[in-house]
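J.: Right, I'll just put the structure down here and ask away after.
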Amino acid sequence: QVQLVESGGGLVQAGGSLRLSCAASGPIFSINDMGWYRQAPGKQRELVTVITRGGSTNYADSVKGRFTISRDNAKNTVYLQMNSLKPEDTAVYYCNARIRANIVSVMDYWGKGTLVTVSS
């Protein structure tokens, strides 16, 4: 069974930093895009950032210049470095990955989420 496990969430003061990690495991042939989403209570889940297998990135306007996504393909791991955190960044952060398990199966997988709380 393919699974994604996030780590690194927690409580931080405004202006602080956190580094999230997400490791994929299981029957993986290859991983295409990997990304981070977030969802706050009463709000829709939104895309924060995505990175392709080759390293191309895109960011939501709200996090540009503050967040950096990276990946280690050898470790099947994606990271999110979050700097200059703001209270509005408070949310559950979810890891997402498009994974090819075999020749006929490509699926999006989600982690269970990790809570990031930014206090003012």
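J.: Please state which of the following conditions Pro27 fails to meet, knowing it meets all the rest: (1) closer than 21 Å to Thr117 by Cα; (2) outside any strand (DSSP E or B); (3) touching a residue at least 24 places away in the same chain (Cβ under 8 Å).
T.: In the conditions (1) closer than 21 Å to Thr117 by Cα; (2) outside any strand (DSSP E or B); (3) touching a residue at least 24 places away in the same chain (Cβ under 8 Å), Pro27 misses (1) alone.
J.: Could you please give the count of residues in the stretch 70-93 that are in a strand (DSSP E or B) and touching a Ser or Thr at 6+ places or on another chain (Cβ under 8 Å)? Outline the logic, then answer.
T.: Applying the first criterion (in a strand (DSSP E or B)) to the stretch 70-93 yields 70-72, 77-82, 91-93.
Next cut, touching a Ser or Thr at 6+ places or on another chain (Cβ under 8 Å) only: 71, 77-82, 92-93.
So the answer is 9.
J.: Something else now. From the set of residues in the stretch 1-11 that are open to solvent by 20 Å² or more (accessible area, probe 1.4 Å) and either in contact (Cβ under 8 Å) with a residue 40 or more places away in the chain or in contact with a Phe, Trp or Tyr (Cβ under 6 Å, 6 or more places away or on another chain) (or both), which is farthest from Thr57 (Cα to Cα)? Walk me through how you get there before you give the answer.
T.: First, the residues of the stretch 1-11 that are open to solvent by 20 Å² or more (accessible area, probe 1.4 Å): 1, 3, 5-11.
Narrowing the set further to residues that are either in contact (Cβ under 8 Å) with a residue 40 or more places away in the chain or in contact with a Phe, Trp or Tyr (Cβ under 6 Å, 6 or more places away or on another chain) (or both) leaves 3, 5-11.
Values: Gln3: 23, Val5: 21, Glu6: 20, Ser7: 21, Gly8: 21, Gly9: 22, Gly10: 25, Leu11: 26 Å.
This residue is Leu11.
J.: Suppose we keep only residues that are among the charged types (D, E, K, R) and more than 13 Å from the chain's Cα centre (by Cα) within the stretch 51-71. Which one would you say is nearest to Trp110 (Cα to Cα)? Explain how you work it out, then say what you get.
T.: Going through the stretch 51-71, the residues among the charged types (D, E, K, R) turn out to be 53, 61, 64, 66, 71.
Next cut, more than 13 Å from the chain's Cα centre (by Cα) only: 53, 61, 64, 66.
Numbers: Arg53: 17, Asp61: 23, Lys64: 23, Arg66: 24 Å.
By that ranking, first place goes to Arg53.
For (1) open to solvent by 30 Å² or more (accessible area, probe 1.4 Å); (2) aromatic (Phe, Trp, Tyr); (3) in contact with a Leu (Cβ under 7 Å, 6 or more places away or on another chain); (4) modelled with pLDDT of 95 or more, each residue gets a yes or a no:
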| position | (1), (2), (3), (4) |
| --- | --- |
| Phe29 | yes, yes, no, no |
| Gly65 | yes, no, no, yes |
| Lys86 | yes, no, no, yes |
| Val92 | yes, no, yes, yes |
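J.: Given the condition surrounded by 13 or more Cβ atoms within 10 Å (Cβ to Cβ), at pLDDT 95 or above and touching a helix residue (DSSP H, G or I) at 6+ places or on another chain (Cβ under 7 Å), answer yes or no: does some residue in the stretch 42-49 qualify?
T.: Taking every residue of the stretch 42-49 in turn, none turns out to be surrounded by 13 or more Cβ atoms within 10 Å (Cβ to Cβ), at pLDDT 95 or above and touching a helix residue (DSSP H, G or I) at 6+ places or on another chain (Cβ under 7 Å).
J.: Next question, about the same structure. For residues in the stretch 50-63 being not in a loop (DSSP other than H, G, I, E, B) and not hydroxyl-bearing (Ser, Thr, Tyr), which is most open to solvent (accessible area, probe 1.4 Å)? First the steps, then the outcome.
T.: The first filter runs over the stretch 50-63 and keeps only residues not in a loop (DSSP other than H, G, I, E, B), leaving 50-51, 57-59.
If we keep only those that are not hydroxyl-bearing (Ser, Thr, Tyr) as well, we get 50-51, 58.
Numbers: Val50: 34, Ile51: 8, Asn58: 103 Å².
In this case the residue turns out to be Asn58.
The values are calculated or read from the model by the stated rules, or taken from the named source; none is laboratory data. Just so we're clear, the structure is a prediction, and the values are computed from it rather than from any experiment. Note: ideal-geometry Cβ built from the backbone for every residue, glycine included; neighbour counts use all protein chains shown. With ligands, DNA and RNA removed, areas are computed over all heavy atoms of the protein, side chains included. Shrake-Rupley method; radii C 1.70, N 1.55, O 1.52, S 1.80 Å.
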